[in-house]
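Novice: Quick one: structure below, then a few questions.
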Amino acid sequence: MNPFFPRASLIALVATLVLTGCEQSRAADAPPPVPAATNLRPDQWTIVRTDTLTPTVTVTGTLEARRRAVLRVEATGAVATRNYQVGDPVAAGVVLATLRLPTVSAAHAAARAQAEAGRAALAQAETEAGRTATLLAAGGASRSEADEARSRVQAARAAVAAAEATLATASADEARAVIRAPFAGIIAVAPAAVGTMLQPGDEIATIVDPRSLEADLLVPFNASDLAEVGARVTVAPTAFPRRTIGGRIARRAPSLDPATRQLAVRVTFDGAATRLPAGAIVHGTLHGATLRGARIPVTALDPAEIEADEVHLTRLVNGVTTRVIAHVRARDLTRGVAVVTGALADGDTLVLGGARRLAPGTRLTLTTGNR
């Protein structure tokens, strides 16, 4: 043995090598270190709660009276009287105006005179026929004279019938000089003043029933699924936002307008307050059906899936991210919420915003702060 390498040193070297090998073996068999968790700010996560949602969307349009009558003259003439102003309430059948129709009035007078003359001639012919019949019975008149008297009566009756028909036609023409309200309502338009000469077809007044309002509203394309017939709508005039009325969709267009990408709907407001004038520009809210499910912020959705029925969400399970699929039942982009069904339950934690793009399996730590 080398005198310069003592036995004790050799033993110590061997022991050191053995211990080093054992430590390396244990290190190789140990699990990999757990990566540090990423902290999520309070605005990057939320707790899922089962809730209901009534999705809404803002709509605009113009109020119109569903019951509306434009009154037009049927003969040439001047306005003789006018018994209304714009905004006046009127009863059904009331006389609104009269026209001066010289030609019609002259024809009616002539027809009336002719009818009166015909009735007088008939009475005279009937008297003469009766006298002739008496004389015939007494032998004072011939049979031919009696026949002639009866013929004159028949001719007079025919003349009276023709004259009365002419008079009825003239009376109908003269009745067109009187303009009456077809139903109870409010005068909306009054274009013709007294003395104005009108031609057949010219407007003399417009009357509306303010109790039967309707509106053509436009619904944004991303909320067109809410615009079902019967859906509730509340609106108010732009100038008077507190004067709200409620109605329901009566009809909807079959497709979007190709130019505006909006859906037109007709809303009726039966029994609406008369203080809302027809023609007013209105804005309001279309209310969709109330649905139940997991209520989540829309920031939990991928922007590419914001309009999709099936969405991918990032859920936190035991501090680790996982991907789940959910089905959107309703969304309200105005309020920034959605109701979904699927693999979510009360108390689940969802990752929001850009953090939801973290890879599955990422460890996260929630920070509360001021939520």
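Novice: Could you calculate the FRET efficiency of residue 244 with residue 335 from 1/(1 + (r/R0)^6), where r is the beta carbon distance between them and R0 is 25 Å, rounded to 0.05?
Specialist: 0.85
Novice: Applying 1/(1 + (r/R0)^6) with R0 = 22 Å to the Cβ-Cβ distance of residue 289 and residue 256, what FRET efficiency is obtained, to the nearest 0.05?
Specialist: 0.60
Novice: Averaged per residue, what accessible area in Å² does segment 34-88 show with a 1.4 Å probe, protein chains only?
Specialist: Per-residue value: 53 Å².
Novice: Could you pull out every residue, at least 5 positions away or on a different chain, whose amide H is within less than 5 Å of the one on residue 212? Hs are placed 1.01 Å off N in the peptide plane, and Pro or chain starts have none.
Specialist: Under 5 Å from the amide H of residue 212 lie the amide H atoms of 66, 67, each far enough along the sequence or on another chain.
Novice: Keeping every protein chain in place, order 46, 52 by accessible area at 1.4 Å, biggest value first, i.e. largest first.
Specialist: 52, 46
Novice: Something else now. Expressed in nm to one decimal, what extension gain is obtained for the pair residue 216 and residue 116 from 0.36 nm per residue of sequence separation less their Cα-Cα distance?
Specialist: 30.3 nm
Novice: Follow-up. Tell me which residues come under 5 Å, amide H to amide H, from residue 97 once H is placed; ignore anything under 5 positions away on its chain.
Specialist: Under 5 Å from the amide H of residue 97 lie the amide H atoms of 83, 179, each far enough along the sequence or on another chain.
Novice: Mind giving me the nanometre distance, one decimal, between the label points for residue 154 and residue 126, set 7 Å out from Cα along Cα→Cβ?
Specialist: If labels sit at residue 154 and residue 126, their model points lie 1.8 nm apart.
Novice: Roughly what would the spin-label model give for residue 80 and residue 189, points 7 Å off Cα along C-beta, in nm?
Specialist: Output for this residue pair reads 2.6 nm.
Novice: Which whole-Hz ³J(HN,Hα) couplings does segment 45-58 yield from phi under the Karplus relation 6.51 cos²θ - 1.76 cosθ + 1.60, θ = phi - 60°, glycine and proline marked x?
Specialist: 8, 8, 9, 6, 10, 6, 7, 10, 9, 10, x, 10, 8, 7
Novice: Something else: In segment 295-364, what trypsin sites (Lys or Arg not before Pro) fall in a loop by DSSP, with at most 13 other Cβ atoms inside 10 Å?
Specialist: Listed in order of number, the matching sites are 335.
Novice: Name the shape class, rounded, prolate or oblate, that the alpha-carbon gyration tensor gives for segment 111-206, where a ≥ b ≥ c are the square roots of its eigenvalues, rounded holds for a/c under 1.5, and otherwise prolate holds if a/b is larger than b/c and oblate otherwise.
Specialist: prolate
Novice: Which ³J(HN,Hα) values in Hz, rounded to whole numbers, follow from the phi angles of segment 78-90 under the Karplus curve 6.51 cos²θ - 1.76 cosθ + 1.60, where θ = phi - 60° and Gly and Pro get x?
Specialist: Values per residue, Gly and Pro as x: 9, 5, 8, 9, 9, 10, 8, 10, 4, x, 6, x, 9 Hz.
Novice: Here is a further query. Residues in segment 326-370, backbone N under 20 Å from the label point at residue 310 (7 Å along the Cα-to-beta-carbon vector): list them, ranges by number please.
Specialist: 326-331, 339-345, 360
Novice: I'd like the FRET efficiency for residue 137 and residue 196, computed as 1/(1 + (r/R0)^6) with the beta carbon distance as r and R0 of 51 Å, rounded to 0.05.
Specialist: 0.15
Novice: Multiply the residue separation of residue 343 and residue 164 by 0.36 nm, subtract the distance between their alpha-carbon atoms, and state the gained length in nm to one decimal.
Specialist: Extending this stretch completely gives an extra 55.8 nm.
Novice: At 0.36 nm per residue, minus the direct Cα-Cα distance, what do residue 229 and residue 98 gain on full extension? Give it in nm, one decimal, please.
Specialist: Using 0.36 nm per residue and subtracting the Cα-Cα distance, I get 42.8 nm.
Novice: Given the C-alpha centroids of segment 297-371 and segment 56-88, what is the distance between them in whole angstrom?
Specialist: 55
Novice: While we're looking at this one, here's another question. What list of ³J(HN,Hα) couplings, whole Hz, do you get for segment 188-194 from phi and the Karplus terms 6.51, -1.76, 1.60, once you set θ to phi - 60° and write x for glycine and proline?
Specialist: Once θ is set to phi - 60°, the couplings for segment 188-194 become 9, 9, 9, x, 9, 8, 4 Hz.
Novice: Oh, and also: Mind grabbing the accessible area of residue 142 for me, 1.4 Å probe, Å², rounded to tens?
Specialist: 50
The values are calculated or read from the model by the stated rules, or taken from the named source; none is laboratory data. As the structure is a prediction and not an experimental result, all values here were calculated from the model. Cβ coordinates were reconstructed from backbone atoms using ideal geometry, including for glycine residues, and neighbour counts include every protein chain displayed. To get the accessible areas, we keep the full protein, side chains included, count just its heavy atoms, and leave off ligands, DNA and RNA. Shrake-Rupley method; radii C 1.70, N 1.55, O 1.52, S 1.80 Å.
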